[in-house]
Number of protein chains: 2
Amino acid sequence: MWRGALRAREQAEVALAPLGLRARHYGLMAILTDTGPASQRRIATQAGIDASRVVTLVDEMERLQFVRRLKDPSDRRAYLVDLTPAGKKLFAEARTATAAGERTLLAGLTAAERKQFVRLLGVVAGEGLG
Amino acid sequence: MWRGALRAREQAEVALAPLGLRARHYGLMAILTDTGPASQRRIATQAGIDASRVVTLVDEMERLQFVRRLKDPSDRRAYLVDLTPAGKKLFAEARTATAAGERTLLAGLTAAERKQFVRLLGVVAGEGLG
DNA sequence: TATTGTTATACTCTATAACTATA
DNA sequence: TATAGTTATAGAGTATAACAATA
């Protein structure tokens, strides 16, 4: 499983490199697309990483203007991190790019097997647990 | 997929910790069990890691006497790394331990789905590529 | 008191480069 | 010239601890 994941990540990195992105940037955009504007704390929980790393990650994406920090009106300590329009556009491109890599990765499977595999993987990965 | 692999590795680490092992030690023993005595170069290729890391890894396992370095009679530069009897015994225990973790990981699947999942995973991971 | 975001720091993992002894 | 193993080192990536502002 580890080996498969390494292959998958490598595919993703290769696919995203032309866009100037790393897998983690894709992950951030995926979370924001999923949940909408979110606090950094929530992003950390969702991604399963430390809050201090979210700082750096959001910094990077903010500097590139794909993401922005809005003040949370209901909690002056917190930000709401949000995709900018440019970020949404970029994420769409990134999805296209990674989809191609995914096809390569799953090339050995029939269409039915792919569907099955993705489904089972969802269960094993504990989908929806954050 | 990445998330699933993280869960899998964590399961493995937790399962192996009581034996004083890390996932990489298990990996080394698995390779040696598979291929028999092997040069460090071959182990590196097989595991997909750098040769310098194999040095450290074998050092650790040799100090614990689970592995030994035999001189390769046909190439005086090379060692043949081999499991000791204690290493073989340990690997059997480690297999039992990780099998329990595996059951936890695949708990959400039926028996048939598990079998299918493992098969598909083998294809995606490019089984036998090294 | 507890929590959000931040910074500084240290630790782990990993690869690279330079070396030796062989081939 | 090239390869097996080793060492030292440097670069990622990551978590931890301590802090200010706010709850």
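The values are calculated or read from the model by the stated rules, or taken from the named source; none is laboratory data. As the structure is a computational prediction, the values presented were derived from the model and not from experiment. For neighbour counting, all protein chains shown are included, and Cβ atoms are generated from backbone atoms with ideal geometry for every residue, glycine included. We work out accessible area using only protein heavy atoms, side chains counted, and drop any ligands, DNA or RNA first. Shrake-Rupley method; radii C 1.70, N 1.55, O 1.52, S 1.80 Å.
For A:ARG9, which inter-copy label distances result when the label point lies 7 Å beyond Cα on the Cα-to-Cβ vector, reported in nm to one decimal and in ascending order?
0.5
What GluC sites (Glu not before Pro) in segment A:57-130 are in a loop by DSSP, with at most 15 other Cβ atoms within 10 Å of the Cβ?
Values: sites: A:GLU60, A:GLU62, A:GLU93, A:GLU102, A:GLU113, A:GLU127; in loops: A:GLU127.
Passing sites in segment A:57-130 are A:GLU127.
For the pair B:THR96/A:TRP2, report the inter-label distance in nm, with labels modelled 7 Å from Cα in the Cβ direction.
2.2
Give me the compactness ratio for the protein assembly as shown, meaning the Cα radius of gyration over 2.2 N^0.38 Å.
Expressed relative to 2.2 N^0.38 Å, the Cα Rg reads 1.20.
Calculate how steeply helix B:2-16 sits against the longest principal axis of the alpha-carbon atoms of chain B, using the helix alpha-carbon long axis, and give the answer as 0 to 90 degrees to the nearest 10.
That works out to roughly 60 degrees.
Roughly how tilted is helix B:51-63, in degrees to the nearest 10 and between 0 and 90, from the longest Cα axis of chain B?
For B:51-63 against chain B, the angle is about 90 degrees.
If each of B:LYS71 and A:ARG77 carries a label point 7 Å out from its Cα toward its Cβ, how far apart are those two points in nm?
Roughly 6.6 nm, to one decimal.
Placing a label point 7 Å from Cα toward Cβ, how far apart in nm is B:ARG53 from its equivalents in the other copies, listed shortest first to one decimal?
Nearest to farthest, the other copies are at 1.7 nm.
Within segment A:37-130, which trypsin sites (Lys or Arg not before Pro) sit in a loop by DSSP and count at most 10 neighbouring Cβ atoms inside 10 Å?
Those satisfying the criteria are A:ARG76, A:ARG77.
Rounded, prolate or oblate: pick one for segment B:1-68, where a ≥ b ≥ c are the square roots of the eigenvalues of its C-alpha gyration tensor, a/c under 1.5 means rounded, and failing that, prolate if a/b is larger than b/c, else oblate.
On the way: a/c = 2.06, a/b = 1.39, b/c = 1.49.
Because a/c hits 1.5 or more and a/b fails to exceed b/c, segment B:1-68 counts as oblate.
In Å², nearest 100, what accessible area do chains B and A bury in total when the solvent probe is 1.4 Å?
2400
Closest to the B-onto-A rotation axis, which residue of chain B has its Cβ, and how many Å off the axis is it?
B:ALA5, 2
Can you pull the one-decimal nm distance between simple spin-label points at B:SER52 and A:ARG41, each 7 Å off the Cα toward Cβ?
4.2
Over chain A, average the accessible area per residue using a 1.4 Å probe and give it in Å², no decimals.
Using a 1.4 Å probe on heavy atoms only, each residue of chain A averages 58 Å².
Averaged over peptide A:38-46, how many Cβ atoms belonging to another chain are found within 10 Å of each residue's Cβ?
Per residue, the number of nearby Cβ atoms from other chains is 0 on average.
Remind me, relative contact order of chain A in percent, using alpha carbon pairs under 8 angstrom and six or more residues apart?
Value for chain A: 28 percent.
Toward the positive end of the charge dipole of segment A:1-66, about the Cα centre and with charges on Cβ (Lys, Arg +1; Asp, Glu -1), which of A:LEU6, A:ILE43, A:MET29 goes farthest?
Projecting each Cα onto the dipole axis, the largest value belongs to A:LEU6.
Nearest 10 degrees, 0 to 90: what angle lies between the long axis of helix A:111-124 and the longest principal axis of chain A (Cα atoms)?
50
At a Förster radius of 22 Å, what calculated FRET efficiency corresponds to the Cβ-Cβ distance of B:ALA107 and A:THR110, to the nearest 0.05?
Values: r = 27 Å, r/R0 = 1.22.
The computed FRET efficiency comes out at 0.25.
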